[in-house]
1. Using a Gaussian network model of the chain with C-alpha springs under 10 Å, which one of 91, 157, 49 is most mobile by mean-square fluctuation?
2. How much length is gained if the chain between residue 280 and residue 48 is pulled fully straight, taking 0.36 nm per residue apart and subtracting their Cα-Cα distance, in nm to one decimal?
3. Using a ≥ b ≥ c from the Cα gyration tensor of the stretch 29-79 (square roots of the eigenvalues), is it rounded, prolate or oblate, where a/c under 1.5 gives rounded and otherwise the larger of a/b and b/c decides, a/b for prolate?
4. Ignoring ligands, DNA and RNA, what accessible area per residue does the chain give at 1.4 Å, in Å²?
5. Let me know the shape class of the stretch 221-280, please: from the alpha-carbon gyration tensor, a ≥ b ≥ c as square roots of the eigenvalues, rounded when a/c is under 1.5, otherwise prolate if a/b is greater than b/c, or oblate.
6. Can you compute the modelled spin-label distance between residue 37 and residue 24, with each label point 7 Å from Cα toward Cβ, in nm?
7. How much of the accessible area of the chain, in percent, comes from carbon and sulfur atoms when a 1.4 Å probe is used?
8. Please build a GNM for the chain, connecting alpha carbons under 10 Å apart, and tell me which residue among 76, 111, 243 fluctuates the most.
Amino acid sequence: MKLKLVLGMFIFLTNVATVFSNVKQDRNISYIENSKANHNLLDIYYPENVSDKKDVMVFIHGGAWNSGKKNTYWWLGRNMARKNVVEVNVNYGLSPEFTYEQMATDCAAALKWVKNNIAEYGGNSSRIFVMGHSAGGHLAALIDSDPRFFKAQGIENPIHAVILNDGFGLDMNEYLNNAEQNDQTKSFLRTFSKDPEMWTKGSPLYYFENFKRPYLILAGEKTYPAIKIQSKRLYEKMGEKSLPVVYHMVCKKKHVGMITQLIFAGNGVYKTILNFMSSN
């Protein structure tokens, strides 16, 4: 009961803070014309002054590809807008109704909308950073590295740089070939199918030759082993090719804590993210 009271008070106070912090918002915008589906909506949080063009961060939420929604992360939008960044949270279709390919297609469509419209909110359409947590990290890396998704949208890749926040599934072939057979694995198979060729096709590391943009790779010290192994592998492979990459392990953090820590605007990871954005 005390925890619920504290959380309730926190939400109330932070919503009040949003109202009085010169942060504006435009919510439930359809990023696919004539679509009324909830999974094709996005929210925008932006500073009141839209006269100068600001960096843009598009956030793709996690949730094992079968859960999660943009609304949960309003605090990320508020915090980034207060730090003079235009922030966008996107929904996308979820498993089991949708496969990873359809999810990535949704995310690419959302990026196309952002590219074409974000200037109205004071965003610089040439400086779109995409951050994904967990499964959202997989989708961020996949649409950046596999050219078929933006090609299907009829546009060049609009991503300026990528931020992986404890990104999961960089090599789904490796993971599923070694994973225990449990309910979680069964859920992943509904997203990626039972075909090992599809596991490879859905793995961003399979398209490593297309990694060219700057990457910030964040990993929790106490996160899942597969995330630490594959995040470090991507960092090392990019380093070997002299590609722009930063790797930052966050001490004592588990997987969920890697995103919930950002509820607090003063969290040090914000400094890491903003330094990366300003230097690229």
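1. 49
2. Full extension of this stretch gives 81.1 nm more.
3. Numbers: a/c = 2.58, a/b = 1.43, b/c = 1.80.
Taking the square roots of the gyration eigenvalues as a ≥ b ≥ c, the stretch 29-79 is oblate.
4. Details: 13010 Å² over 280 residues.
It amounts to 46 Å² per residue over the chain.
5. Numbers: a/c = 3.32, a/b = 1.21, b/c = 2.75.
In terms of gyration-tensor shape, oblate.
6. Those two pseudo-labels are separated by 3.1 nm.
7. Details: 6850 of 13010 Å².
Summing carbon and sulfur atoms, their accessible area is 53 percent of the total for the chain.
8. 243
The values are calculated or read from the model by the stated rules, or taken from the named source; none is laboratory data. Nothing here was measured: the structure is a model prediction, and the numbers come from that model. With ideal geometry, Cβ positions are generated from the backbone for all residues, glycine too; neighbour counts draw on all protein chains shown. Areas reflect the complete protein model, heavy atoms only, side chains present, ligands, DNA and RNA absent. Shrake-Rupley method; radii C 1.70, N 1.55, O 1.52, S 1.80 Å.
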